[in-house]
Amino acid sequence: MSSGNTRALEGNSRHPGLNLGPAHAQEEDTREEMVFGFWVFMMSDLILFGLLFATYVTMLGGTAGGPGPKELFELKSAFIQTMILLVSSVTFGMASLALKYREDKARLVVWLLVTLALGLAFLFFELKDFHSMFDKGGVPSRSGYLSAFFSLVPLHGLHVTGACIWLVALLGQMAVHGLDAPVKTGILRLAILWHFLDIVWIGIFSLVYLGGLS
Amino acid sequence: MSVKGRTGYFLRQGGRCALHLFPVLLPLVALSGCGADMPGFMNPQGQVAEAQRYHFWVVIALVMIVVIPVIIQTPLILWRYRYRGHAVYRPKWYMSRWLDIVMWAVPILIVAILSVYVWRQTHELDPYRPIAGDKPPLEIQVVGYDWKWLFIYPDQGIATMGQLVIPVDRPIAFSLTSATVLQSFFIPALGSQIDVMNRMVTRLHLKADHPGRFEGKNMQYNGEGFHRQRFITRAVDDDAFDDFVQRTREQGQPLNQSAYKIIAQKGDNRDAARALGLDTHDSDAVIRFAPVPDGLFHIIMEGSPIDWSTTDVSPPQLGATRTSVIQTPPDDDTSSASDPQSSSHQHKEAQP
Amino acid sequence: MSDATSLIFGRLGWDALPFWSMLDDHSAMSIINGVIATGAAGMVVLGILAAIVLVTWLGKWKYLWSKWLTSPDHKKIGIMFIVIALVMLSRAIIEAVFMRAQQAVGLDGGFLTAEHFGELFTTHGTIMIFFMAMPFLTGIINYVMPLQIGARDLSFPVMNQISLGLTAAGAALTMISLVLAPFSTGGWTGYPPFTELSYNPGAGVDYWLWAVTLSTLSSTLTGINFAVTIFKKRAPGMTLFRMPLFTWTALCTAILMIFGMPPLTVATGLLALDRYLDFHMFTTDLGGNMMNYVNLLWAFGHPEVYILILPPFGIFSEIFATFSGKRIYGYKILVIATMCIAILSFTVWLHHFFTMGQSAHINAAFGIATMLIGIPTGVKVYDWMLTMYRGRIRLSVPMVYAIGFIMLFVLGGMTGIILATPSVDYQVHNSLFLIAHFHNMLIPGLLFGMLSATNFWFPKAFGFRLEERWGYRAAFCWIIGFMLAFFPLYVLGLMGMPRRSVAYFEPQYVPWMITAGIGALVILAALLCLLIQLWVSIRDRHANNVFAGDPWDGRTLEWGISSPPPEYNFPVIPEIYSIDAFMTEKDRGQGWQAPDRYDDIEMPANSAMGVIIGITGLAMAFGLTWYMWWLVIGAGLVTLVAVIARGFGRTTTRTIAACEVQRTHEHWLEQVRLTHPIDRSLEQTTSNHGRPVPPIEGAVQ
C-alpha cells in the first residue's frame, strides 16, 4: 500500500496495537515512523529470543551430571514473577488508557510508577531465584544446560532492567518538558516493549519452568 | 516482428559462436585434459570417489544448459545492439510472455531433474551407508589430535599413526572422533570427507579399488600445524595386510599412559614419532602400537579418564632422540595423567 | 606485572607490539614476519598521523566536525561508509597479495609463519565481509535509496549516525589489532571449540568477537532504518511497484538484515559468555555443543550472502537499463525473483556443513533447497540480457563491470550448484574449490556491483564524472585479475588442497599457485588504477563537471536533481506517476521544472551521537579485548548517559527557509538551461555537463 495515496484515508490506527487515539491525531501522524520502527526492532529482538529458546531446547540434555531443572527451579517463585509481570502489563495498560483518553498527567504518572514498582519487584524475585540456584550449585560454568539457561533468562531480566531505566528517563522527561509529543511516543514505544517482554516471559515460564518441572 | 520471431532469434543464437566460450571454459578444458595425473578424485581410486567424479560432470552438464546461452549470447547482444549499430531499437519493450515462460521453465526443469538426481545420489553416497561387498567390512577407529591422526584397528588390537594401511577391495567402516577441536578427515582419492568432533562419533565408509599410496589429510583448520596433519593411505592386498598386522603386533610399542600423553600433546606426527624415540628418517614417520587398550576409542570419545591399570601394557621403548618440541613426560607422573583431555591444553577443572 | 598496572592495562603488555617477538627470537622466519607485521603497524600509525597533520594543516577540523562527523545527512553518512569500505578494501587486498605470495612459494615452506598466515586469512575474511562489503553496500544504499524514493532523509538520521559510528568502531578495532597484536587465527567464521578460551587464550579471538559484534549491531540498526524509510517515506504516488529495482533490492536486503543479523549476535554473544564468564555453550566439555554455534553462524551466514548480493543485483538492473537506453525487461518478474531469493535464503543454511554427519534426508533436502535459488537467479540473468536486447548499448565503465559480472557470475552459480550437491560437496568442501566459488560470487557479484555503482553515482554525489580511461583499466584489471587468481583455485580444490593451508607438499600445485599469485598482482594493479582514477578525476573535476545532474540520461528520480544534490534533496517532494519517474518526465518534456510554490523545509539537526557512540563502542570493545574493566565500565556509563540525555533534547530539527530553497533551485534551473544538451555519443567527453538531448533518435516506440 502506498503511503502517499492513502495517507488521507488512514485514520488513527496505522500501526497495530496501542495508539494515541483521535485526541492526538497530528502527533501520531508525525511520530508514526518512530512507532513503526520500534515494531520492526521488536521483530529483530524476537528473533534473538527465539534463537536462544531453540538453543536452550537443544541443550536440555547437556547437564553433564550437574543439577537439572528439578533440583534448581521453584515453581512458586517463578509463578510469583509471572503474576507480577502480568499485573505490570495491566497497569501499563491503565497508563496507556490514561494517556489515550485523558490529558490526565497525575493518573498517568501514578500508573507508570506502579508499573515501575512491579518491574523492580520482578527483578528482585528473579535475582533471588538466581541466588538460590547458585547456592544449589546451579552456576553457568557447571554445565552446558545451565549456560543455556543463564544466557536466556537473564537476557530477559536485562531487557526489563533497560525498560525500567527507560521508564525513569521518561518520567524525568515528563517533569522537564511536560507531556509533549516525544514523551507520548516514548510511552507508546515503551508500552510495546513492556508487553513484548511479558510475552517472552510467558514463553520462559512455560518452556523453561513448567517444561523443566513437568 | 512477431512475438515468436523475437523469441526465435533469441534462442537461435545459441549455435553460432562457440569461440566466445573458449577463454571462460579454459580451466574446464584443462581439467578434463590433465585428470589422469591429478591427485584427488579426478583420478579416483575407490568406488565412492569415482561416483563423485561422475556426479561432478553430470551436474556441470545439466547446469551448462543455462550457462552456455548466457556466455554465448551476451557478447552477441553486445555487438548487435551496440550504440553505433543499426539494429532495431525499442526502448519501451519490456515484456514477452513466451520468453518469460521459457526462462522460468528451463531452470525449473533443470532443477527438477537435478533434485531427483541429488536425492538419489545423496542417499546412495551417504558416508554413513555401509558399502556392499563380498568381504566383511574392516573396522577402523580414527581419533584426531592436534595435528595428527591415530588409527585404531580394534579387531586386530593394533594402532598406527602417520600411515593408514587398508586392504584393497574390502569395505572399510570408519568411526571417528576428535580428542581436540573440530577437524575433517579426508582421503580424496577414495571418497568423502567427514567432520570429526570432540565427544561425538561420525562414520564413514570407503573402499579402495586399486592398490597404491594415497594422500590423506585434515580439511578443517585447527591451528598452526594444520597443514602438516597428513598421512599416507596404503591400500594393499589381503596377504600384505595380514603381514602388516603381524609385523605391527611384533614391532609395535605398547600404547600405554606415557605414549598416550605424547600423542595427546600438540605437534605433528613426526614430532610424536621423535618423542617416542623412533627413527623419523623414514619418510612417513610411521608409528606402530600394539597392544592397544580395549575400548580406548570410546573412552576418548566420552572424555572419561582412562584406567591404565587394567591395560596390560609395558613401558614404551624410549630412545635417545627427544629433541623435539614435545617434551616427554616423566614416567612417574600419574596424578594428572588420568584424563586424556587434560594433557594437551590448558584445561579447566571439570568439577566446580 | 604489578597489580596497579594490570588494573590499568589489563593483560595488555609489551609483547603485544608486533616487533616484540622478533627481539627474543632471531631466526630468519621470526625476523621476516616481525618486519612485515611492524611495517603494517607502522602504516596504520603513519596513516593516522598523516590524516591528523593534513586536517590540521588545512585548518579543517571545524569543517570536518560540523559538515561531516556530526552531519545527519544520509548522503554524507553514505559517503563516509564508502570511505571506510575503501580503506579496509585496500588493507584486505594487500593481505590477500601476501597470502597468495606465500602460497606461490609455499611448497614445503614459504616466508610466513603459520600463526601469521592464520591472522591474515582471518582478518582478510572478516574485513572483506564486515568492514568492506557491508559498509560499501550500506553506503551506496544510504546515498541512493532516499533519492530514488523522493525522500529527504532516512527515517532515523541519528540512528544512521550511530550505525556509522559502530561500523567505524569495529573497523578501527581491526586496525588497532595490527599495532597491538595479535588478531584471531580462527577464520572469519570463528568456529569453536578452536576459538574457545581453552584452545585460544590470547586476545586475538576477542578482537574478532567484538569487531564482528560491533558491525552486527550496526547492520541491524541499518536494516531497520532502511526498511522503515522505504515503507514510510516514499514520495506520493511512489507505490511499491513503482519503486526502482535498486530500492527493491535495498528493501529485501534491509529485511534480511533485520532477521539475519540476530543469529550472529547470538552466536558471538554466547561465544563471548563462554570466553569471559566460563559458560559452556560450545566447549568440548561439560555438555557444550559446538554444532549449535555452526547452526547459528550459518543461520546468519546464508542470509548474509544475499544481503551482500541483492544490492548489486539492483545496481546492475539500473545500469543495464540506463546504458541500454531501454526500460528494464520484466520489472515485476525481477521483483518477484528478488523476493524469492530473499525468502529462500533462510532455508538453506545447512549446505555450509553437509559433512557434519547429518542424515542423507537432511542433506538432500537442503541441497535441493539450495538449487531452488538458482531458478530466480537464472531468471534474473536472462532478464538482464533481455534488457540489453533491442537496446542501444553504451559500453561505459559501469557497463564493463556489469558485463564482467554477468559472464563470470553464471560460472560461480554453476560451481555453487556443484557445491550444493551433497555427494560432490563431500569432496570439495573445505577445499580451495569452495574459496574459488565464493570469491567468484563476491568479486564479480558484490565488488563489481559496488565499483560499478561508484562509477555510476559518483557524478551524482560529487558533481563530476570519474575519469574513464583509468576506469576502464581498473575494470579490465579486475576482470582479468579475478580470472587469473581464482580459476586456478578451482583446479587446486579439485586436487584436494585444503583452504587455509600455509604450505603444501604436492609439486603439482605449484604452477596453479603461481598463476593465482600473478592474478593477485593484477588485482593489486586494479586497486592502483582505482586510486589513480580517483586522483585524475579530482584533478580534472572542472572539465568533467555535471552540475545539471543527468550525465547518463538516467531513468530514476535521483537524476532529476542537481549534482551534488542540495542537503534536502528535493525542493518540493515530487509526485510519481510511473516507474522510471524521471525518464517519463523527460519523455513528456516535463523535466527540470520550477514548482508553483516553495515551503520551509525541516531537516534533522546536527548531532554528536554517532561520534559519541562510536568512541564509547570502540573503548568498550578495546577494554573487553584486553580486560581493562575500568574502560569497559566507564565507556558503558558514558553511552547510557548520552542516550538518556539525548532523550531530553527537544531541538532535533532545523528549518531551511523557503526563500533559500527557491534561490538554490532557481540557480540550478538557470544552469541547466545554460547547459548544452548532448547526444549519448558524447557521454564520455568533456562536453557532458549533465543534460541529455530529449528522446533519442531512431527509437521505435
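We did not get these values from a lab; they are worked out from the coordinates using the rules stated. Computed from a predicted model, the values in this text were never measured in an experiment. Heads up, the Cβs are rebuilt from the backbone with ideal geometry, glycines too, and the neighbour counts pull from every protein chain shown.
Bridge orientation summary for chain C: considering DSSP beta bridges with both residues in this region, about 75 percent are antiparallel. For the pair segment B:209-242 / segment C:533-576, the C-alpha centres are spaced 62 Å from each other. Along the axis of the charge dipole computed for segment C:66-139 (Cβ charges of +1 for Lys and Arg, -1 for Asp and Glu, origin at the Cα centre), the listed residues C:125, C:90, C:109 are led at the positive end by C:90. Sorting the segments C:97-104, B:242-249, C:605-612 by their residues' average number of neighbouring beta-carbon atoms within 10 angstrom, most packed first, yields C:97-104, C:605-612, B:242-249. Taken residue by residue and averaged, Cβ atoms of other chains lying within 10 Å of the Cβ of B:44-55 number 2. Note on segment B:138-310: antiparallel DSSP beta bridges, both residues inside, total approximately 65 percent of the bridges counted.
The mean count of C-beta atoms from other chains within 10 Å of the C-beta of residues in C:499-509, rounded to a whole number, is 4.
Rounded, prolate or oblate for the protein assembly as shown? Axes are the square roots of the Cα gyration tensor eigenvalues, ordered a ≥ b ≥ c, and the cut-off for rounded is a/c under 1.5. In terms of gyration-tensor shape, oblate. Which GluC sites (Glu not before Pro) does segment A:65-126 hold that lie in a coil by DSSP with at most 12 other beta carbons within 10 Å? Counting only loop positions with at most 12 other Cβ atoms within 10 Å, the GluC sites (Glu not before Pro) in segment A:65-126 are A:103. As a proxy for reagent exposure, C:659, C:340 were ordered by neighbouring Cβ count within 10 angstrom, fewest first; the result is C:659, C:340.
Taking a point 7 Å out from the Cα of residue C:359 in the direction of its Cβ, none of the residues of segment A:59-84 has a backbone N less than 13 Å from it. Calculated mean residue ellipticity, 222 nm, chain C: -21500 deg cm²/dmol, from DSSP H runs (n ≥ 4) at -39500 (n - 2.57) each, averaged per residue and rounded to 500.
At a Förster radius of 25 Å, what calculated FRET efficiency corresponds to the Cβ-Cβ distance of residue C:46 and residue C:111, to the nearest 0.05?
Between residue C:46 and residue C:111 the formula returns 0.60.
Restriction of the GluC sites (Glu not before Pro) in segment C:510-618 to DSSP coil positions whose beta-carbon has at most 16 other beta-carbons within 10 angstrom yields C:575.
Could you tell me the calculated FRET efficiency between residue C:54 and residue C:339, based on Cβ-Cβ distance and R0 = 41 angstrom, to the nearest 0.05? E between residue C:54 and residue C:339, to the nearest 0.05, is 0.35.
Could you work out how much longer the chain between residue B:238 and residue B:79 gets when fully extended? Use 0.36 nm per residue separation minus the Cα distance between them, nm to one decimal. Let's see the in-between values first.
Details: separation 159, 0.36 × 159 = 57.24 nm, distance 6.43 nm.
Between residue B:238 and residue B:79, full extension yields 50.8 nm more.
Per-residue Cβ neighbour counts within 10 Å put A:195, C:116, C:26 in the sequence C:26, A:195, C:116, beginning with the fewest. Each peptide in C:13-25, C:153-165, C:360-372, C:48-60 gets a packing score, the mean of other Cβ atoms within 10 Å over its residues, and the list from highest to lowest is C:153-165, C:360-372, C:13-25, C:48-60.
Seen against the Cα atoms of chain C and their longest principal axis, helix C:510-539 is set at about 40 degrees. Classify segment C:23-108 as rounded, prolate or oblate from the Cα gyration tensor: take a ≥ b ≥ c as the square roots of its eigenvalues, call it rounded if a/c is under 1.5, otherwise prolate when a/b beats b/c and oblate if not. Oblate. For residue C:332 and residue C:575, the FRET efficiency from 1/(1 + (r/R0)^6), where r spans their Cβ atoms and R0 equals 25 Å, is about 0.65. Looking at the protein assembly as shown, the DSSP beta bridges with both ends there are about 70 percent antiparallel.
Compared with the dominant principal axis of the Cα atoms in chain C, helix C:290-323 is inclined by about 30°. Answer rounded, prolate or oblate for segment B:138-310, using the Cα gyration tensor with square roots of eigenvalues a ≥ b ≥ c: rounded when a/c is under 1.5, else prolate when a/b is larger than b/c, else oblate. Rounded. Between segment C:613-636 and segment C:280-296, the C-alpha centres lie 27 angstrom from each other.
Going by alpha carbons, how many degrees (0 to 90, nearest 10) lie between the helix axis of C:397-420 and the longest principal axis of chain C? On a 0 to 90 degree scale, this one is about 40.
Between A:129, A:180, A:198, the Gaussian network model of chain A with springs among Cα atoms under 10 angstrom shows the greatest mean-square fluctuation at A:180. Here the simple spin-label model places points 7 Å from the Cα toward Cβ, and for residue C:682 and residue B:246 these points are separated by 9.5 nm.
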